[in-house]
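The values are calculated or read from the model by the stated rules, or taken from the named source; none is laboratory data. Just so you know, these numbers come straight off a predicted model, no measurement behind them. Please note: Cβ atoms are built from the backbone with ideal geometry, for glycine as well, and neighbour counts cover all protein chains shown.
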Amino acid sequence: MTPAAELRGVGVTFPSGVGALSNVSLGLPAGAVTGLVGESGSGKTTLCRVLMGLQAASSGTVLFGGEPLPALLARGRLAFRRQAQMLLQDAAGSLSPRMTLRRLLAEPAAIHGLPRKEAWARTEGLMRRLGLSPDLLDKYPHQVSGGQARRVAVARALVLRPALLVADEPTAGLDVSVQGELLNLLLDLQAELGLTLLVCSHNLPVIRRITTETVVMYLGEVVEHGPTAALFTSPAHPYTAALLSTRPGAPGRITLHGEVPSPVHPPAGCRFHTRCPQAQTRCTTEHPELRQAAGQTVRCHYPLVGDPAPQEMA
Amino acid sequence: MTALLRITGLHLDARTPRGTAHILRGIDLDVGQGRIVGVVGESGSGKSTLALALLRLLPGNVTRLDGQAVMDGTDLLALPDAAMGAWRGSRIAMIFQDPATALNPLFTIGTHLRDVLRRRQPGLSRAALRTQAEAALRRVEIADPAARLRAYPHELSGGMRQRVMIAMALLAQPTLLLADEPTTALDATVEAGIIGLFRGLRADLGGAILFISHDLALVADLCDDIAVLYGGLVVETGPAPAVTTDPAHPYTAALLACAIEDGGSGRLPSIPGDVPDPVTEPPGCIFAPRCPLVEARCRAEPQPLRPVSPGRAAACWKAA
């Protein structure tokens with residue numbers, strides 16, 4: 001199946017010298033839910049911005065529906081925006097405090113010059129699905145709860161019927177008692193509309209539950225990629241293993257020592273070797289390439305699963 | 001168990017444009033000597049306000065603060081301002097959620113630590129100050145403490161700054177340490193290390209730790225006792241393992257059910273409805289509008305916290 005969007009060897013270096021992404025290759029299967037995990041500074045947000053055409057890649061190729069993104073953007077930014085929408089992390093903060101929910105919900109159709117009546121009918125349909133009462137329409141964002149503001153942001157993103165939705169931490173800051181409902185609604189709409197969904201999150205139980213593929217990033221690189229179920233039951237990369245062990249109730253917590261190194265001067269060799277519990281001499285000098293280990297793709301000289309051959313070489 | 005701190009009937013109201021907000025509606029809570037007590041609740045439950053009320057660091061719109069918070073025979077809420085000032089940072093210390101804003105950007109880490117030491121032991125020599133400050137950094141597992149003492153807060157990562165905050169709290173040697181979401185701003189793998197430090201802190205501190213968090217699983221893992229807050233009230237208290245394996249209050253049960261299980265499938269769990277509006281004063285149980293077990297009696301009568309079994313209490317007439 002052709003991926004809905006694809007990155008091939010994408011790198012992003014900021015003028016400050018910060019290498020935010022390094023040689024990232026990644027395909028988002030059309031109509032599927034992919035999860036992106038990693039800690040602060042791993043490059044998750046930059047990756048989302050590259051996919052949305054908000055940040056140009058310094059190297060490599062970004063494809064959307066098989067077409068290079070720069071060409072699509074040159075043809076028309078608005079047309080591309082109708083295809084790819086982003087749910088920002090601070091949903092409440094992304095809503096103008098000076099506009100009522102009615103105006104906020106009508107704004108996407110106005111910007112894109114869609115027929116007003118038809119678009120509003122669609123908005124009303126989405127509001128019903130999202131459990132947003134029409135009584136809320138004349139309120140301002142600060143007058144509604146965090147969960148409601150989040151649902152307004154979802155309606156704004158989906159009214160354009162995009163093919164791709166990138167959700168950056170869709171539940172961050174939401175109380176646990178309401179996060180489940182929001183995710184249920186998002187997944188219902190995803191299935192109904194055949195959306196390709198990329199979810200970036202710190203919340204590992206959420207990623208495990210709602211995605212079919214998971215991508216793990218560390219310091220701007222993809223360190224592991226594979227089917228969610230396999231990756232969570234038998235992680236191949238030591239970083240994935242440590243990250244997964246922080247989940248509540250996970251057996252045998254692996255405590256990593258040291259801090260995440262600066263992305264300005266990433267460590268030589270494997271970028272994770274400074275914190276890796278099983279780093280060896282080779283890891284300090286030789287940068288590992290992505291390779292297959294069992295069903296996953298992993299960037300490690302000594303993966304925890306699959307092909308045991310490299311261990312013998314050590 | 002002797003209580004180091006006994007909070008009874010703590011009420012706090014604040015003036016807002018929409019009317020009087022009832023932030024704390026009568027908190028009852030005992031903090032046992034030597035215990036780590038977890039205070040869990042969702043946004044608006046009053047957990048941070050509770051900590052600030054104990055330190056009396058309250059904004060100007062507070063219109064009512066009643067009840068008692070007795071520690072070592074002294075009611076914190078009745079202390080004169082000057083005496084309260086002397087308690088802050090010595091007998092009661094606090095670790096805030098965001099270590100980036102809790103440290104002064106103009107001063108080095110060394111200055112922060114030495115200030116705490118001088119307050120505690122005036123007249124310490126420069127050499128003694130340096131030795132003790134370095135030892136404190138080593139205690140919180142910061143490598144190369146001598147160099148770190150010369151660093152400014154912005155030169156450290158978030159996890160390192162929170163370690164510095166913990167080192168400051170250690171040097172203050174408080175009887176009661178308040179920690180308000182100390183790991184919420186940190187990454188998961190960094191959080192694991194900080195939680196490890198808290199476990200060790202209990203032995204170093206003679207007193208108790210009040211650990212405030214929205215994360216029930218984290219609190220269950222770290223704390224000895226749990227108090228579950230909802231809408232400005234404690235709805236359940238008890239030893240952590242008992243509360244999390246056999247909750248007595250329907251809210252605790254619903255909150256536990258919201259945890260996303262490995263290997264689960266189908267709809268994700270949630271609690272229908274919204275948290276209570278602090279401006280309203282419901283006549284009955286604060287959780288009644290969202291409670292799956294609600295009956296007419298729940299809506300009519302307030303539900304005070306009552307003992308349900310040795311060491312455990314719940315604010316629900318149905319709890320047994």
Out of the stretch A:6-39, which residues are hydroxyl-bearing (S, T, Y) and within 22 Å of A:I210 (Cβ to Cβ)? A:T34
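Can we say A:A153 is more than 22 Å from A:L28 (Cα to Cα), assigned to a helix (DSSP H, G or I) and within 17 Å of the chain's Cα centre (by Cα)?
Values: more than 22 Å from A:L28 (Cα to Cα): yes; assigned to a helix (DSSP H, G or I): yes; within 17 Å of the chain's Cα centre (by Cα): yes.
So A:A153 passes the test.
Give me the helices (runs of 4 or more DSSP H) completely within the stretch A:38-138, filtered to those with at least 3 residues that are closer than 16 Å to A:A167 by Cα, ordered by residue number. Talk me through it step by step, then tell me what you get.
On the way: elements: A:44-51, A:69-75, A:77-83, A:101-111, A:116-129.
Hits in the stretch A:38-138: A:44-51, A:77-83.
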Of all residues being within 21 Å of A:P288 (Cα to Cα), at pLDDT 85 or above and polar (S, T, N, Q) in the stretch A:232-278, which is surrounded by the fewest Cβ atoms within 10 Å (Cβ to Cβ)? Just the residue, please. A:Q278
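So in the stretch B:283-302, with the set limited to residues that are in contact (Cβ under 8 Å) with a residue 40 or more places away in the chain and crowded, with 18+ Cβ neighbours inside 10 Å, which one is farthest from B:L29 (Cα to Cα)?
Of all residues in the stretch B:283-302, those in contact (Cβ under 8 Å) with a residue 40 or more places away in the chain come to B:286-287, B:291-293.
Filter once more, keeping what is crowded, with 18+ Cβ neighbours inside 10 Å: B:286-287, B:291.
Details: B:I286: 17, B:F287: 19, B:C291: 23 Å.
Within the stretch B:283-302, the match that is farthest from B:L29 (Cα to Cα) is B:C291.
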Scanning the stretch B:120-153 for residues that are part of a helix (DSSP H, G or I) and of a type in the set (D, E) gives B:E134
From the option list B:V140, B:V164, single residue qualifying as crowded, with 23+ Cβ neighbours inside 10 Å and not polar (S, T, N, Q) is B:V164
Checking A:P288 against (1) surrounded by fewer than 18 Cβ atoms within 10 Å (Cβ to Cβ); (2) more than 14 Å from chain B (Cβ to nearest Cβ); (3) within 19 Å of A:G38 (Cα to Cα); (4) free of Cβ contacts under 8 Å to residues at least 40 places away in the same chain, only one condition comes out false. Which one? (1)
Could you tell me which residue of the stretch A:149-172 is nearest to the other protein chains (Cβ to nearest Cβ), considering only residues that are in contact (Cβ under 8 Å) with a residue 40 or more places away in the chain and among the basic types (K, R)? A:R150
Among the residues of the stretch A:1-30 satisfying the criterion of being among the β-branched types (V, I, T) and assigned to a strand (DSSP E or B), which is surrounded by the fewest Cβ atoms within 10 Å (Cβ to Cβ)? A:T13
Could you say whether any residue in the stretch B:238-252 is without any contact (Cβ under 8 Å) to a residue 24 or more places away in the chain, within 14 Å of chain A (Cβ to nearest Cβ), among the acidic types (D, E) and surrounded by fewer than 16 Cβ atoms within 10 Å (Cβ to Cβ)? no
Return only the number of the condition from (1) touching a residue at least 24 places away in the same chain (Cβ under 8 Å); (2) over 27 Å from B:S90 (Cβ atoms) that B:A192 does not satisfy. (1)
Give me the pairs: first residue in the stretch B:201-227 and closer than 25 Å to B:L256 by Cβ and more than 14 Å from chain A (Cβ to nearest Cβ), second residue among the basic types (K, R) and part of a helix (DSSP H, G or I), beta-carbon distance under 6 Å, and six or more apart or on different chains, which are they? B:I212/B:K47
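So which residues in the stretch B:264-285 are in contact with a helix residue (DSSP H, G or I) (Cβ under 9 Å, 6 or more places away or on another chain) and of a type in the set (A, V, I, L, M, F, W, C)?
Hits for the stretch B:264-285 are B:L268, B:I271, B:V275, B:C285.
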